[in-house]
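Notes follow once the structure below has been shown.
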Amino acid sequence: MRVSLYFIFLTLLGCSSGSQGTNVQVDTTKSVAKTDATQQDDDDMDFRKEFISLYQKPILIDRSFIDNGKEYEIVFRHFSTMDNGLVVPAKYNFDTNRDFVTHNFVSNLIVFTGKDTIFEKHITKAMFKPLLDTLDTSLNKYATLLYPTLDIHNDSIKIHYSISIPVTDIGISVDIKFDKRGNYIIRQ
C-alpha cells in the first residue's frame, strides 16, 4: 500500500511540474515575439532619424566633360526645401501611427561653358507629374524626389531619382535626361 501511495504521489508531482514547464515555454515565446516587434520599431525609428538627417545634408556634384572639343561644367545640387510641404498620413507611419510632417526635396542643375551659362533647371516632383498621373495617386500627394544619381553620356545628362513617400518603401524609379540645350525627357 505504501508503495502504491508513493507511486501516486510521484506521478502527481511529475504531472504538475510538467505543466509548469509548458507555461514557462509559452511565456518565453511571447517574450521573444515582443522583442522582435520592439526591434522592428527601433529599426523604423532609426530609418526615420536617418531620413531626417538628410535635411541638413545637401548633395553637391561639380563635374566637367568635353564634347566636340568644348569643355562643359555641370553644377548639381539636391536639397531639402525645409518647407513642411509634405504631410504623410499615419497609415504610412507604422512606427508612430501619426502623421509625419516633412519637407520636399528639389534639385538645381546648371550647365555652363567658360563664363556662359548654357542652361539652368530647377527640378521638382512637378516635372514628373505626367508620369505620376498614370500611377498611384498617393505618390502624387505624399512623395518627394530622393537619392539622385547623375550620369553623363556624350552630349546628355541623365539624373536618376526615386520618387518615394518618405520613410516607406513606396516609390518608383524615374529618370530625367537633358540635352545640351536644356530640353529634357522623363521616363520610368
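The values are calculated or read from the model by the stated rules, or taken from the named source; none is laboratory data. All figures in this text were calculated on a predicted structure; none of them were measured in a lab. Using ideal geometry, Cβ is built from the backbone for each residue, glycine included, and neighbour counts are taken over all protein chains shown. Areas reflect the complete protein model, heavy atoms only, side chains present, ligands, DNA and RNA absent. Shrake-Rupley method; radii C 1.70, N 1.55, O 1.52, S 1.80 Å.
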Suppose we keep only residues that are β-branched (Val, Ile, Thr) and closer than 12 Å to Ala143 by Cα within region 78-100. Which one would you say is surrounded by the most Cβ atoms within 10 Å (Cβ to Cβ)? Val88
I want to confirm something. Restricting to region 152-161 and keeping residues that are modelled with pLDDT under 95 and on the phi < 0 side of the Ramachandran plot, which single residue is surrounded by the fewest Cβ atoms within 10 Å (Cβ to Cβ)? His153
Going through region 151-186 in order, the residues found to be of a type in the set (Gly, Ala, Ser) and touching a Pro at 6+ places or on another chain (Cβ under 6 Å) are none
Only one of (1) part of a strand (DSSP E or B); (2) of a type in the set (Val, Ile, Thr); (3) open to solvent by 30 Å² or more (accessible area, probe 1.4 Å) does not apply to Ile74, and that is (3)
Does region 108-130 contain at least one residue that is free of Cβ contacts under 8 Å to residues at least 40 places away in the same chain, open to solvent by 50 Å² or more (accessible area, probe 1.4 Å), within 16 Å of the chain's Cα centre (by Cα) and within 21 Å of Lys57 (Cα to Cα)? no
Kindly check whether there is at least one residue in region 122-144 that is aromatic (Phe, Trp, Tyr) and part of a strand (DSSP E or B). no
Being among the β-branched types (Val, Ile, Thr) and either closer than 19 Å to Arg98 by Cβ or free of Cβ contacts under 8 Å to residues at least 40 places away in the same chain (or both) is the filter here; which residues of region 145-170 pass it? Thr149, Ile163, Ile165, Val167, Thr168, Ile170
When region 145-188 is checked residue by residue, the ones that are assigned to a strand (DSSP E or B) and among the β-branched types (Val, Ile, Thr) are Thr149, Ile152, Ile157, Ile159, Ile163, Ile172, Val174, Ile176, Ile185, Ile186
Of all residues making up region 169-188, the number that are modelled with pLDDT of 90 or more, under 22 Å from Leu54 (Cβ atoms) and not hydrophobic (A, V, I, L, M, F, W, C): 3
Residue under question is Tyr92, and the condition is that it be in contact with a helix residue (DSSP H, G or I) (Cβ under 8 Å, 6 or more places away or on another chain), at pLDDT 60 or above and closer than 18 Å to Thr168 by Cα; does it hold? yes
